[in-house]
Structure formats: C-alpha cells, structure tokens
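Nothing in this text is a laboratory measurement; each read-out follows from the coordinates by a stated rule. None of these values were measured; they are calculated from a predicted model.
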Amino acid sequence: PLISSLISSFVSSMMTAIKSMYSANVPSPAQMINIGMLCCVQLGSDWFRAEIKQVLSNGYILVILKDFGNVQLVTAKAIYPLEGSLITTPFWAVRCGLNNIAPTTPTAIGNFPRQLTQWSVHR
C-alpha cells in the first residue's frame with residue numbers, strides 16, 4: 001500500500017505539473033506528426049504525455065498515453081510538442097503480458113475485460 005500510495009502521489013503531482021505547464025502557456029500544435037513521436041495531447045481539460053502509434057486515413061491519430069497505457073483517437077489539433085523535462089522523466093505505463101498464455105477464440109478475447117473485472121471484484 002505504501003508504494004502504491006507513493007506512485008499515485010507522484011503521478012498525480014506530475015499530471016498537475018503537466019496541466020499547469022501547458023494550460024498557462026499553450027504552445028502551438030505540432031507541425032509534423034510522425035509515428036513514434038513523443039508528444040503531449042490535450043483530452044478535455046487534461047494533458048497527457050503520449051506517443052503517436054498510427055495516423056489514420058480519416059484524419060484521426062492513434063496515440064498511447066505513456067503514463068497510463070490507454071489508447072486514444074485524437075485530431076492533429078490536440079497534439080503538442082513535448083516540452084523539456086517531460087521528455088526525460090520516465091513513463092509510468094509498462095507493457096507486459098503472460099508468457100505462453102493466449103485467448104483461444106475471438107469470444108474469449110472479447111470477454112476478457114469483463115471476466116477480469118469480475119475476478120478482481122470477487123477476490
């Protein structure tokens with residue numbers, strides 16, 4: 001619990017710093033959008049560090065939020081250059097998986113989030 005509390009506190013502080021940095025002096029949106037580019041994205045009133053994963057033909061851009069692991073569709077207007085220390089501060093989301101474990105059917109893949117939630121609630 002202590003480590004979880006420290007991490008939560010640090011991430012919360014960092015998110016507050018990102019929001020105040022970008023809200024106080026909103027930079028111009030990124031001019032160039034390249035796959036793999038680190039950036040900052042605005043979602044509503046919040047700001048997140050992200051990486052561009054895919055540019056879609058419909059004008060949307062698929063990004064992964066580097067501190068949370070979420071994947072989001074955004075427009076180019078929501079993408080801003082990543083500033084200063086935000087580039088060198090380690091990201092909090094870690095990609096992981098279970099070795100030699102895979103769903104065997106499309107139904108299993110679709111049901112996994114619900115089953116995981118039920119398992120977590122009943123533990």
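For region 40-48, just list the computed ³J(HN,Hα) in residue order, Karplus coefficients 6.51, -1.76 and 1.60, θ = phi - 60°, integers in Hz, with x standing in for Gly and Pro.
10, 10, 9, 10, x, 9, 9, 10, 9
Is region 23-81 rounded, prolate or oblate when judged by the Cα gyration tensor, a ≥ b ≥ c being the square roots of its eigenvalues, rounded requiring a/c under 1.5 and prolate requiring a/b larger than b/c?
Cα axes put region 23-81 in the oblate bin.
Tell me which residues come under 5 Å, amide H to amide H, from Leu43 once H is placed; ignore anything under 5 positions away on its chain.
Result for Leu43 returns Phe48.
Test of understanding: what is the full-extension gain from Val71 to Asn25, defined as 0.36 nm times their sequence separation minus their Cα-Cα distance?
Length gained between Val71 and Asn25: 14.0 nm.
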